[in-house]
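Data block below; observations after.
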Amino acid sequence: MHGRCGSFIRSSARGFCSQVPGVPGLGHTPKTRKGALDLYGRWAASYDDTVRCWDYRSPARVASLLKSFQSVGAARPLPVLDAGCGTGLSGEALAAAGFSSLVGVDVSKEMLRICEGKRLYSSVACWDLEGSQGPLPFPDKCFSAVVCVGVLSYIQCFDVVYREWCRVVAPGGHVIFTHRDTLWDADVHSCRSSARAFESPGLGLAGWRRIYCSEAEAYMPDTPEDRENVKMVRYLVFQAA
Ligand SMILES: C[S@@+](CC[C@H](N)C(=O)[O-])C[C@H]1O[C@@H](n2cnc3c(N)ncnc32)[C@H](O)[C@@H]1O
């Protein structure tokens, strides 16, 4: 990725984040759904080029993790749900790893418009993972896996998000997500304790168990903003009961 990105794009990316009036830099964006709607609504058209230049590694890492836990090539596999699919970079990585049956959801219609243009997903839905529009628009146990890449720092209602993931993933399926190491480790908004609670959820829900937690890894190390390029993420894998 480094080779394709000249200094022009790097400086354009920096300019976008810090100089365009009304567009908050990544580090200053409110970490809420409203903040995400604002940021990604304005950023959608240049998002792919920008984060590629920032050496955004998480889509490929998550796809590779999923491949290590699930075999590809089943005759009629259940699809993978890409939760917070954005423009579809995560879908591109999943498709390259052999997961070609994809469904996406994201709250930003601008990001989804770019995503739909790539024709990678069989369907996408403009939907809030935190449940403001109700449960996810999918039946129970209909996905082989759920992946969520680069999204959870905008989430506050983890119990709602996890409950829905547990509901829609098939028994034995996997849920793989990234989260900032500092937020996960400090259990901000109960992100970690809530995940733990779904290991014995009751109320008719089968729940999941955690089977993998990575070390903290670089997120976008080439981001020109100093507060961003030091950020690290963990990769978490849960398996549905
Ligand atoms: C950094 S982008 C990641 C997109 C894609 N997964 C990727 O790896 O390129 C974060 C995405 O999360 C979405 N998002 C944030 N909060 C959300 C919510 N509550 N429900 C659904 N999507 C949300 C944003 O709209 C944005 O597209």
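The values are calculated or read from the model by the stated rules, or taken from the named source; none is laboratory data. On a predicted model such as this, the values are computed, not experimentally measured, just so you know. When we count neighbours, we look across all protein chains shown, and the Cβ atoms used for this are built from the backbone with ideal geometry, even at glycine.
Data for the structure
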{"quantity": "Neighbours by Cβ (under 7 Å, 6+ apart or cross-chain): first from segment 115-130, at pLDDT 95 or above and outside any helix (DSSP H, G or I); second away from the ligand (no atom under 11 Å from the Cβ) and acidic (Asp, Glu)", "calculated": "Val124/Glu116"}
{"quantity": "Matching option when the condition is among the charged types (D, E, K, R) and closer than 23 Å to Val160 by Cα, among Glu130, Glu116", "calculated": "Glu130"}
{"quantity": "Within segment 123-132, considering residues that are near the ligand (Cβ under 10 Å from one of its atoms) and surrounded by 13 or more Cβ atoms within 10 Å (Cβ to Cβ), the one nearest to Pro79 (Cα to Cα)", "calculated": "Ala125"}
{"quantity": "Failed item in (1) surrounded by fewer than 18 Cβ atoms within 10 Å (Cβ to Cβ); (2) closer than 20 Å to Leu152 by Cα, with Cys85 passing the rest", "calculated": "(1)"}
{"quantity": "Sole exception among (1) within 14 Å of the ligand (Cβ to nearest atom); (2) under 22 Å from Glu215 (Cα atoms); (3) buried (at least 18 other Cβ atoms within 10 Å of the Cβ) for His189, by number", "calculated": "(3)"}
{"quantity": "Any hit, segment 44-65, residues being assigned to a loop (DSSP other than H, G, I, E, B) and without any contact (Cβ under 8 Å) to a residue 12 or more places away in the chain", "calculated": "no"}
{"quantity": "Within segment 133-157, tally of residues that are crowded, with 18+ Cβ neighbours inside 10 Å, farther than 17 Å from Ser101 by Cα and small (Gly, Ala, Ser)", "calculated": "2"}
{"quantity": "Residue count, segment 174-211 (criterion: within 17 Å of the chain's Cα centre (by Cα) and not in a helix (DSSP H, G or I))", "calculated": "7"}
{"quantity": "Test for Val160: is it among the β-branched types (Val, Ile, Thr) and surrounded by fewer than 22 Cβ atoms within 10 Å (Cβ to Cβ)", "calculated": "yes"}
{"quantity": "Residues satisfying the stated conditions in segment 142-186, i.e. farther than 17 Å from Trp208 by Cβ and of a type in the set (Phe, Trp, Tyr)", "calculated": "Tyr154"}
{"quantity": "Residues satisfying the stated conditions in segment 67-106, i.e. more than 9 Å from the ligand (Cβ to nearest atom) and part of a strand (DSSP E or B)", "calculated": "Val80, Leu81, Leu102, Val103"}
{"quantity": "Subset of segment 27-42 [touching a residue at least 40 places away in the same chain (Cβ under 8 Å) and within 10 Å of the ligand (Cβ to nearest atom)]", "calculated": "Lys31, Thr32, Arg33, Gly35, Ala36, Leu37, Tyr40, Gly41"}
